[in-house]
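Data first, discussion second: the structure below is written as structure tokens.
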Amino acid sequence: MPLNAQQLNTATFAELLADTHHTAVHLEMRDLYAVGDETDDYAAFLRTGVPNLDPGRSFWPQWMPLVKDAVTRGVVMRRARIVSEPVTDYIRYEHAITPLNLQAGEDVRWLPRRHASDITLPGNDFWLLDGTLVQFHHFTGTGDWAPDGKERTRDSAATALCATAFETVWERGIPHEKYTV
């Protein structure tokens, strides 16, 4: 049974994903994120050039079980990233830790920004769950979560825009194992 309006506004992302039955797609369009749960691993990567691929560190112990549970239930999880080239240090880091996303059960593709010029895109990164619920992400100019970091809607125009944008990016995207940074 879908979440009602009050539940939709108060639910955690884990609860939203647990209520997802078919698809969960995520579009990322920034070249830099500076969210707190990655700070230490990102700083270590900048110092050493070596990613921390320990699934027991950082945010992975919370994320990986969510993805594995969803995939086990039959949810197809896909993540697409639009990136500028040459890539930023952050995107090199993100690319280096993506094997953990794959290990959890996500499929990931990368699209160089120059191949996205003719795609109508929403103004913010988003998750689209079962094609009916969008969770937009709001970030500050420096890449951290904005005070109103998430916005959720079932608006049909927003879900249609996000679905079309994601599928176009996905179709043009390069599978992770073929994309080099």
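The values are calculated or read from the model by the stated rules, or taken from the named source; none is laboratory data. Small disclaimer: the values here were computed from a predicted structure and weren't measured. Methodologically, a virtual Cβ is constructed for each residue, glycine included, from the backbone with ideal geometry; neighbour enumeration extends over all protein chains shown.
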(message) Need the failing condition index for Q7 against (1) without any contact (Cβ under 8 Å) to a residue 24 or more places away in the chain; (2) in a loop (DSSP other than H, G, I, E, B); (3) among the polar types (S, T, N, Q), just the number.
(response) (2)
(request) Working only within the stretch 125-139, note down all residues that are under 18 Å from Y33 (Cβ atoms) and in contact (Cβ under 8 Å) with a residue 60 or more places away in the chain. (result) D125, F126, W127, Q135, F139
(message) Consider the stretch 64-116. How many of its residues are aromatic (F, W, Y) and either in a helix (DSSP H, G or I) or out of contact with any strand residue (DSSP E or B) (no Cβ under 8 Å at 6 or more places or on another chain) (or both)?
(response) 2
(request) Scan the stretch 1-31 residue by residue and report those that are within 17 Å of the chain's Cα centre (by Cα), among the hydrophobic types (A, V, I, L, M, F, W, C) and either closer than 15 Å to V76 by Cα or at pLDDT below 95 (or both). (result) L16, L17, A18, A24, V25, L27
(message) Between a residue in the stretch 91-120 that is on the phi > 0 side of the Ramachandran plot and any residue that is at pLDDT 95 or above, which pairs come within a Cβ distance under 9 Å, given they are 6 or more apart or on different chains?
(response) G105/M64; G105/V67; G105/K68; G105/A70; G105/V71; G105/T72; G105/V75; G105/M77
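Inspect the stretch 157-167 for any residue being of a type in the set (D, E), on the phi < 0 side of the Ramachandran plot, in a helix (DSSP H, G or I) and without any contact (Cβ under 8 Å) to a residue 24 or more places away in the chain and give the result as yes or no. Show your work before the answer.
Residues of the stretch 157-167 that are of a type in the set (D, E), as a first pass: 167.
Filter once more, so that each one left must be on the phi < 0 side of the Ramachandran plot: 167.
With in a helix (DSSP H, G or I) added as a condition, the list becomes 167.
Now restrict to residues that are without any contact (Cβ under 8 Å) to a residue 24 or more places away in the chain: 167.
So far as the stretch 157-167 goes, yes, one or more of its residues are of a type in the set (D, E), on the phi < 0 side of the Ramachandran plot, in a helix (DSSP H, G or I) and without any contact (Cβ under 8 Å) to a residue 24 or more places away in the chain.
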(request) Specify the residue that is farthest from R78 (Cα to Cα); the eligible residues are those in the stretch 142-178 that are aliphatic (A, V, I, L, M) and either at pLDDT 95 or above or touching a helix residue (DSSP H, G or I) at 6+ places or on another chain (Cβ under 7 Å) (or both). (result) A157
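Among residues belonging to the stretch 63-104 that are hydroxyl-bearing (S, T, Y) and surrounded by fewer than 19 Cβ atoms within 10 Å (Cβ to Cβ), point out the one that is farthest from P122 (Cα to Cα). Can you show your working first?
In the first step, residues of the stretch 63-104 are kept if they are hydroxyl-bearing (S, T, Y); the result is 72, 84, 88, 90, 93, 98.
Filter once more, keeping what is surrounded by fewer than 19 Cβ atoms within 10 Å (Cβ to Cβ): 72, 84, 88.
Values: T72: 30, S84: 17, T88: 22 Å.
Among them, the one singled out is T72.
How many of the residues making up the stretch 10-61 are of a type in the set (G, A, S) and in contact (Cβ under 8 Å) with a residue 12 or more places away in the chain?
We begin by selecting, within the stretch 10-61, every residue of a type in the set (G, A, S); these are 11, 14, 18, 24, 34, 36, 43-44, 49, 56, 58.
Right, trim to in contact (Cβ under 8 Å) with a residue 12 or more places away in the chain and you get 14, 18, 24, 34, 36, 58.
Residues flagged as of a type in the set (G, A, S) and in contact (Cβ under 8 Å) with a residue 12 or more places away in the chain within the stretch 10-61 amount to 6.
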